[in-house]
């Protein structure tokens with residue numbers, strides 16, 4: 001699949017090198033918001049959201065010197081509202097830049113999570129639920145639950161990968177990284193079951209100056225064939241139209257944290273001691289608990305069958321490294337915040353067709369929902385094929401017109417040549 005045709009980008013600082021087509025505007029008079037990007041089209045079968053869950057400013061020791069520091073905790077969601085639609089891959093990049101454009105003031109990436117590559121495997125089991133359709137599940141009362149496991153080393157069989165790495169923006173020189181990239185990719189050689197619908201990621205930045213800086217977000221996704229038609233239509237696309245600048249101001253309180261990480265004032269004075277790797281979580285649906293790796297804690301004896309879980313482990317430094325043992329960490333959900341006042345307010349979740357209660361629905365109604373979903377997927381495929389056929393026809397017509405023009409030119413040239421020969425004779 002061609003990335004250039006079926007992907008989209010989100011940029012906080014519009015530049016000439018990218019065509020931004022996902023827009024979430026700031027409120028008038030504001031240059032900060034927590035939800036960086038979100039699918040606003042309720043008819044879209046796919047839903048994407050990039051959200052800042054927590055923001056902590058403090059200080060740290062980096063390279064033997066005292067620095068200002070910032071920890072950002074993000075929540076990424078790539079969800080399907082219909083069973084036949086999915087995201088095949090997602091690449092999320094953040095560039096951290098000085099607001100005034102002074103490169104020497106750019107924040108430096110000290111730690112991030114997830115870091116390096118992780119291989120995901122998935123097992124399924126029966127689970128009773130009151131919800132209708134979840135990712136990988138069936139309609140009805142007893143559906144298929146999902147349990148993800150993250151392997152240390154590459155397996156012969158795996159469902160997806162999650163990778164994190166520090167990087168530089170284009171054209172920046174030096175050893176210090178001022179950008180991070182997280183990538184989720186389904187295994188195209190396997191059963192092609194999509195990517196996790198949830199990723200919690202974190203980055204710790206060291207700052208030489210306590211001045212405002214910006215985060216430039218770029219998101220690039222691929223979707224499966226059944227989703228291409230929906231993405232191409234304005235009333236079912238998961239894309240929107242471009243972005244406003246977002247500024248982080250360390251000397252101001254721009255949002256109220258939920259304290260789900262348990263960070264104290266003492267931690268903020270020594271942020272180099274934060275166990276950033278503990279802030280990495282993966283999760284398949286909102287109803288599931290978050291499981292984060294802790295190599296120092298023994299594994300639980302069993303996992304309750306009524307709760308689908310997702311565990312994470314990091315890639316080892318050597319092939320003989322022992323596998324870290326996962327332990328549960330269940331952070332409470334962060335309330336939404338009013339960007340004007342910083343006050344915590346309830347925030348309704350985006351409507352997900354797959355999560356509507358169906359406990360009292362008759363079997364015939366369930367069958368209608370399934371049939372409608374399949375019909376929508378078939379219609380989207382037909383739209384895509386028709387668009388491609390129209391494009392091919394247009395190209396063929398252009399080729400015929402070009403050939404006709406060349407024949408006309410050749411005829412005129414032949415007539416002129418014959419006339420000259422007649423005059424010369």
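Read-outs: derived from the displayed coordinates by stated rules, not from any lab. This one's a predicted model, so the numbers in the text were calculated from it and none came from an experiment. Every residue, glycine among them, receives a Cβ derived from its backbone with ideal geometry; neighbour counts consider all protein chains shown.
Tabulated results
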read-out: Projected-area average for the stretch 217-273 over all orientations - Cα convex hull basis, square nanometres; value: 7.5 nm²
read-out: For peptides 264-275, 68-79, sequence by mean Cβ density within 10 Å, most packed first; value: 68-79, 264-275
read-out: Residue order, fewest to most beta carbons within 10 Å, for 159, 374; value: 374, 159
read-out: Length gained when the stretch residue 420-residue 407 is fully extended (0.36 nm per residue, less Cα-Cα span); value: 2.7 nm
read-out: Protection-proxy order for peptides 88-94, 100-106, each taking the mean of Cβ atoms within 10 Å per residue, highest first; value: 88-94, 100-106
read-out: Residue 102 paired with residue 193, simple spin-label distance in nm, labels 7 Å along Cα-to-beta-carbon; value: 5.2 nm
read-out: Relative exposure of 184, 255, 117, judged by other C-beta atoms within 10 Å (fewest first); value: 117, 255, 184
read-out: Sequence of 180, 400 once ranked by neighbouring C-beta atoms within 10 Å, starting from the fewest; value: 400, 180
